[in-house]
Amino acid sequence: MFAELSTLLGTAGWAIIATTAACLYRRRLHTDPLTGLGNRQALHRTARRERFTRSLVGLLMVDLDQFKAINDTHGHDFGNKVLAAVATQLATATKPGELAVRLHGDEFALWLGPIPTTTAAEQRAESVAAALAEPIRVDGHRLTVLGSVGLATAPASTPLAELLGHADAHMYQVKATHRLTVLPTGQAQRTRDQHTPGGEAA
């Protein structure tokens, strides 16, 4: 009897270990190792899950302004710490039902999910941009690292690649114009907000 119980407990223990390991593997598969945010795979998974909802969805894209200058001046290790700090700001600004991800380099995205109106998405873009404009501290330096924020809205059935393309294209438009623009409704809508980065030693 005790031998059988021991075998059962041993089997259950290995099952728990295997399940935990599988969960950790899946989490690692969908997590950006530098920032702890979701990655592109996580974004695709979330978009696929919500594509059958009968509503508009929104997607923000964030590209840090003049980040290359930070890397060139202070080195990649410092730049990575800046990315991690910005990711923390983005994660803090993320609401339930949204997903913050790092796409690559200094480019991030925030999946807004179903949105009631385009205006609501525009307001969300502005609030996220304001949150990212808050100063950060890296290695004793107080920095304001601003980013250009692009917005695309479209029916949930719209392919993610199309949403990303619209948000990305408009993000770079606004990066050049330094102002928020709302494009006419029709296809995926794009809005962009731009900020200028700066930094000062503490």
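Residues are listed down the side, and each one gets a yes or a no for (1) acidic (Asp, Glu); (2) closer than 15 Å to GLN89 by Cα; (3) at pLDDT 95 or above:
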residue	(1), (2), (3)
LEU103	no, no, yes
LEU112	no, no, yes
ALA129	no, yes, no
ALA133	no, yes, no
ARG137	no, yes, no
GLY140	no, no, no
THR153	no, no, yes
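Taking the criterion of being outside any helix (DSSP H, G or I), surrounded by fewer than 17 Cβ atoms within 10 Å (Cβ to Cβ) and at pLDDT 95 or above, the only residue of segment 36-86 that qualifies is GLY36.
Within segment 69-124, being of a type in the set (Ser, Thr, Tyr) and without any contact (Cβ under 8 Å) to a residue 60 or more places away in the chain holds for THR73, THR88, THR92, THR94, THR119. Can you say whether ASN71 is in contact with a helix residue (DSSP H, G or I) (Cβ under 7 Å, 6 or more places away or on another chain) and not charged (D, E, K, R), as far as the supplied structure shows? Criteria met by ASN71.
The residue pairs whose first member lies in segment 31-47 and is free of Cβ contacts under 8 Å to residues at least 12 places away in the same chain, whose second member is surrounded by 15 or more Cβ atoms within 10 Å (Cβ to Cβ), and whose beta carbons are closer than 7 Å, counting only pairs six or more residues apart or on different chains, are THR31/GLY38; THR31/ASN39.
Residues considered: ASP77, ASP65, ASP106. Of these, the only one that is closer than 16 Å to LEU164 by Cα and of a type in the set (D, E, K, R) is ASP106. Scan segment 120-165 for residues that are of a type in the set (A, V, I, L, M, F, W, C) and either on the phi > 0 side of the Ramachandran plot or outside any helix (DSSP H, G or I) (or both) and the total you get is 11. Annotation: of all residues in segment 90-118 being outside any strand (DSSP E or B) and crowded, with 21+ Cβ neighbours inside 10 Å, the one that is nearest to the chain's Cα centre (by Cα) is LEU90.
With the condition kept exactly as written, say whether any residue in segment 125-132 is closer than 18 Å to LEU43 by Cβ and over 16 Å from the mean Cα position of the chain (by Cα). No.
The values are calculated or read from the model by the stated rules, or taken from the named source; none is laboratory data. It should be emphasised that the depicted structure is a prediction, and the values quoted were computed from it without experimental measurement. Note: ideal-geometry Cβ built from the backbone for every residue, glycine included; neighbour counts use all protein chains shown.
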